[in-house]
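Single-structure report; data block below.
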Amino acid sequence: MKNSARTIAAVSTPNGLGGISVIRVSGDKALAICDSVFKGAKSLLDVKSHTVNYGHIVDKNGTLIDEVLVTVMLAPKTYTREDVVEISTHGGFTASKKVMDILIESGAFPAEAGEFTKRAFLNGRIDLSQAEGVIDIINSKTEAERKNALFQAEGGLFKKISEIRNNLVHLAAQMQVAIDYPDEDLEDVTKEDIILSLSEREKEILELLATKDNGKVLKEGIKTAIIGKPNVGKSSLLNCLAGEDRAIVTDIPGTTRDVIEEFVNLDGVPLKLLDTAGIRSSEDDVEKIGIERAKRAIKEAELILFVVDLSQKQDLEDKLLLELIKDKKCITVANKADIKTENLPCDVEICAKTGSGISRLSKIIKKMYNFAEIEFGETAIITNLRHLAALNGANEAVTRAKKQLECGMPQDIAALDINEAIDFLGEITGETVSDDIVSEIFHSFCVGK
């Protein structure tokens with residue numbers, strides 16, 4: 001039996017304690033299978049679509065298993081475009097597991113990871129970029145990332161890619177007609193017309209590619225190293241930004257011996273924070289290893305938060321650190337504003353203990369990365385490496401086609417590259433992508449989605 005012909009079932013809510021669990025069932029036999037284990041006022045076969053029905057799940061002996069609400073949704077107006085039934089059981093581990101066992105005994109198959117969304121794609125409800133937007137919503141860590149993922153899941157990227165692709169398809173068709181029927185009395189598409197059209201498509205693709213840096217920040221966060229001398233408050237800053245005690249804080253210099261990583265949502269800006277060991281001359285072997293790792297973190301970081309102490313004068317160690325980070329994007333953060341005795345050159349003064357000045361730090365980072373100017377959820381931002389590779393391929397093919405025509409090459413040579421660009425764009429929407437890639441994408445989903 002092909003997977004698409006099977007009726008599948010899975011728990012769609014996270015494992016663990018909670019008020020309810022939801023089991024999703026999809027396929028031609030979804031209604032019949034669920035009705036065979038449901039005891040309510042009406043048979044599920046007789047209820048209207050998109051209704052919620054109260055009753056109990058029973059086993060084959062008629063023993064009550066759980067009190068449930070069953071939502072019936074008939075094709076095609078469902079997530080998968082198949083008949084879908086969702087059973088809301090009591091939360092916890094046992095109730096949903098027992099109901100799942102009974103559904104499997106009654107003919108349902110356990111769903112594979114991402115199989116419900118895969119069916120939505122295969123049945124034409126969504127394109128591949130929309131499917132990837134769904135998992136991005138689930139995995140989003142900031143409001144900006146959620147908005148961008150929702151824009152993609154709602155078809156925003158698909159519309160933009162389809163517009164570019166359809167224009168190239170139309171152009172390729174015009175060129176092919178002229179190549180195949182040179183003697184027919186047809187309106188020719190001139191070389192100048194083709195070059196103009198290709199230039200417009202090239203511009204549109206480059207506009208999408210230009211969003212990749214913001215997309216990388218959205219998806220992965222800004223890799224940010226917190227550096228400074230020992231005991232200036234680096235770990236206190238990490239804990240303040242994280243909203244919890246992730247690092248040990250003491251008055252003893254050299255407490256942090258290793259690099260501590262933490263993902264932080266700073267007022268909508270995603271930061272992948274690296275709290276490093278204080279950099280100084282040390283004879284302690286363990287501390288020396290931490291210092292070397294801190295130096296390596298500086299090299300890998302995209303942003304440096306250089307922490308100085310407002311209760312101390314800057315010294316040679318501060319100057320050596322500044323030399324170490326001179327070629328990096330850097331914000332100098334002057335900590336311990338509550339016990340300030342010195343006026344130090346900095347970008348922002350804070351008190352990591354109280355959180356004073358953190359909102360100002362957030363604004364500086366937003367401005368540095370143009371976050372304040374981006375309207376997330378209103379325009380396409382490329383966050384997916386697969387999409388980025390396909391767009392790069394399409395751009396290179398369009399550029400080649402344009403250059404060939406400008407160099408006097410025949411239209412049929414340029415048409416090969418135009419068709420290659422069409423295929424690259426189709427990989428994003430799923431129109432020209434291989435089955436292996438489709439399977440790989442959906443295997444990254446959770447079971448039940």
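The values are calculated or read from the model by the stated rules, or taken from the named source; none is laboratory data. All values derive from a computational prediction rather than experimental measurement. With ideal geometry, Cβ positions are generated from the backbone for all residues, glycine too; neighbour counts draw on all protein chains shown.
Output the number of the condition that GLY228 fails; it satisfies all remaining conditions of (1) exposed (fewer than 15 other Cβ atoms within 10 Å of the Cβ); (2) modelled with pLDDT of 80 or more; (3) touching a helix residue (DSSP H, G or I) at 6+ places or on another chain (Cβ under 6 Å).
So GLY228 meets the others, but not (1).
To keep it simple, each residue is scored yes or no on (1) at pLDDT 85 or above; (2) under 20 Å from VAL348 (Cβ atoms); (3) assigned by TED's automatic domain parsing to the domain that holds GLU342; (4) touching a His at 6+ places or on another chain (Cβ under 8 Å).
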position: GLY290; (1), (2), (3), (4): no, no, yes, no
position: ILE304; (1), (2), (3), (4): yes, yes, yes, no
position: VAL307; (1), (2), (3), (4): yes, yes, yes, no
position: LEU321; (1), (2), (3), (4): no, yes, yes, no
position: ASP327; (1), (2), (3), (4): yes, no, yes, no
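Yes or no: THR379 under 25 Å from the mean Cα position of the chain (by Cα), modelled with pLDDT under 90 and within 30 Å of GLU163 (Cα to Cα)?
In short, yes.
Looking for whichever is buried (at least 16 other Cβ atoms within 10 Å of the Cβ) and touching a strand residue (DSSP E or B) at 6+ places or on another chain (Cβ under 9 Å) here; the options are SER356, SER362. Which one fits?
On the way: SER356 fails: buried (at least 16 other Cβ atoms within 10 Å of the Cβ).
When all the criteria are applied, what remains is SER362.
I want to confirm something. Restricting to region 147-179 and keeping residues that are at pLDDT below 90 and touching a helix residue (DSSP H, G or I) at 6+ places or on another chain (Cβ under 9 Å), which single residue is surrounded by the most Cβ atoms within 10 Å (Cβ to Cβ)?
MET175
For region 124-134, does any single residue satisfy the condition of being more than 24 Å from GLU154 (Cβ to Cβ), out of contact with any Gly (no Cβ under 7 Å at 6 or more places or on another chain) and not assigned by TED's automatic domain parsing to the domain that holds THR432?
Checking region 124-134: not a single residue is more than 24 Å from GLU154 (Cβ to Cβ), out of contact with any Gly (no Cβ under 7 Å at 6 or more places or on another chain) and not assigned by TED's automatic domain parsing to the domain that holds THR432.
Could you go through region 270-285 and let me know if any residue there is of a type outside the set (Gly, Ala, Ser), out of contact with any Asp or Glu (no Cβ under 8 Å at 6 or more places or on another chain), at pLDDT 85 or above and not in a loop (DSSP other than H, G, I, E, B).
Yes, region 270-285 has at least one match.
Against the condition within 30 Å of the chain's Cα centre (by Cα) and either without any contact (Cβ under 8 Å) to a residue 12 or more places away in the chain or buried (at least 19 other Cβ atoms within 10 Å of the Cβ) (or both), how does ALA301 come out, does it pass?
yes
LYS216 - would you say it is modelled with pLDDT under 95, assigned to a helix (DSSP H, G or I), among the basic types (Lys, Arg) and not assigned by TED's automatic domain parsing to the domain that holds LYS366?
Yes: the conditions hold for LYS216.
For region 35-48, state whether one or more residues are touching a helix residue (DSSP H, G or I) at 6+ places or on another chain (Cβ under 6 Å) and modelled with pLDDT under 95.
Within region 35-48, the first condition is being touching a helix residue (DSSP H, G or I) at 6+ places or on another chain (Cβ under 6 Å), and the residues that meet it are 35, 37-38, 43-45.
Filter again for modelled with pLDDT under 95, leaving none.
Within region 35-48, not a single residue is touching a helix residue (DSSP H, G or I) at 6+ places or on another chain (Cβ under 6 Å) and modelled with pLDDT under 95.
Could you list all residues from region 103-133 that are surrounded by fewer than 20 Cβ atoms within 10 Å (Cβ to Cβ) and more than 25 Å from THR383 (Cα to Cα)?
ILE104, GLU105, SER106, GLY107, PHE109, PRO110, GLU112, ASN123
Listed residues GLU406, GLU427; which is of a type in the set (Asp, Glu) and either under 30 Å from VAL269 (Cβ atoms) or under 31 Å from the mean Cα position of the chain (by Cα) (or both)?
Exactly one residue qualifies, and that residue is GLU427.
Give region 149-162 a look and list any residue that's over 23 Å from PHE371 (Cα atoms) and touching a residue at least 40 places away in the same chain (Cβ under 8 Å), or say none.
Matches in region 149-162: PHE158, ILE161, SER162.
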